[in-house]
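Just so it is clear, none of the values below were taken in a lab; they were calculated from the coordinates. Since we're looking at a predicted model, the values are computed, not measured. Every residue, glycine among them, receives a Cβ derived from its backbone with ideal geometry; neighbour counts consider all protein chains shown.
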Amino acid sequence: MPDEEASSAARWDERYRAAAAPPFGEAPNAYLRMVCARPDFAARSALCLADGDGRNGRWLAAQGLAVTAVDVSAVATEQALALDARHGVGVERITADLAEWTPEPGHAWDAVFLIYLQGTGTLRRRALQLAAAALAPGGWLVVEGFSKAQGARPEMGPDDPDRLYDLAELREALPALQVVEALAGRVLLSEGTRHRGEAEVVRYAARRVG
Ligand SMILES: C[S@@+](CC[C@H](N)C(=O)[O-])C[C@H]1O[C@@H](n2cnc3c(N)ncnc32)[C@H](O)[C@@H]1O
């Protein structure tokens, strides 16, 4: 594991261990739900990258999707598995670093979700590329994260501007996908104790055509 990501795993382990309740809440991310509600969204399998303690993967599994989830934090993954069991859903959960993890050859998903991976630009680009490569034909890639504009709002999100998203970078990292929505702006987040209040975000949904 590269040094930077090893320290990232330790940091996230510590945050999840210290949290009295799931830090981003138990309900799924609002944008993920919006995309899933679209009439043209009919995914039967999903890959959730950086799924943390599992709210998104768990909700997708409860909707009947076959879900694989990856997160660098072993503590978050353990907590996710315990919550999955409590809710009676099964999610394949993998503890791995997205700087290095690659799916089994030939494995593809109808939807890949990348919700608030707050990594460096290098990690983000690698995660986006592996997400795009993991899509089945017609598959959806759905991303939400704090945008560069959130840098001026220190109450939430990463301090380091390299860990913030912008739409140009997403388009550049995902040249082969058909953009369905590419939005940047202010939303009111109400997701646990950590993502609460007005925030500047990007919301990006794109599809593999053919
Ligand atoms: C802000 S949390 C979001 C968690 C989840 N997506 C959600 O919305 O509830 C960011 C997550 O990214 C994970 N993460 C950070 N760096 C990672 C890496 N290199 N590989 C995999 N996961 C990583 C953290 O462990 C953490 O669970």
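A few notes on this one:
- Integer Hz, Karplus 6.51/-1.76/1.60 couplings in order for the stretch 31-48, x for Gly and Pro: 5, 4, 5, 4, 5, 5, 7, 5, x, 9, 9, 9, 5, 10, 9, 9, 10, 10
- Per-residue ³J(HN,Hα) for the stretch 141-154, Karplus 6.51 cos²θ - 1.76 cosθ + 1.60, θ = phi - 60°, Hz, x for Gly and Pro: 10, 10, 10, 9, x, 5, 8, 3, 5, 6, x, 7, 10, x
- Sorted by Cβ neighbour density within 10 Å, fewest at the top, the residues 115, 94: 94, 115
- Counting every pair of alpha carbons in the stretch 88-210, the share spaced more than 19 Å apart comes to 50 percent.
- Contour minus Cα-Cα distance for residue 166 and residue 181 (0.36 nm per residue): 4.1 nm
- The chain: calculated mean residue ellipticity at 222 nm from DSSP helix runs of at least 4, using -39500 (n - 2.57): -9500 deg cm²/dmol
- Applying the criteria of a DSSP loop state and at most 15 other Cβ atoms within 10 Å to the trypsin sites (Lys or Arg not before Pro) of the stretch 15-86 yields 44.
- Separation of the residue 85 and residue 11 label points, Cα + 7 Å toward Cβ, nm: 3.1 nm
- Quarter of Cα convex hull surface for the chain, i.e. mean projection, nm²: 10.7 nm²
- Once backbone amide H atoms are built at 1.01 Å from N, residue 69 has 48, 92, 93, 94 as its partners under 5 Å, excluding neighbours fewer than 5 places away on the same chain.
- Debye-formula intensities of the stretch 143-208, expressed as log10 I(q)/I(0) at q = 0.17, 0.18 Å⁻¹, are -0.59, -0.65 (one equal scatterer per alpha-carbon, no solvent).
- Positive minus negative residues near residue 28 (Lys, Arg vs Asp, Glu; Cβ under 13 Å): -2
- The alpha carbon centroids of the stretch 117-172 and the stretch 38-100 are separated by 19 Å.
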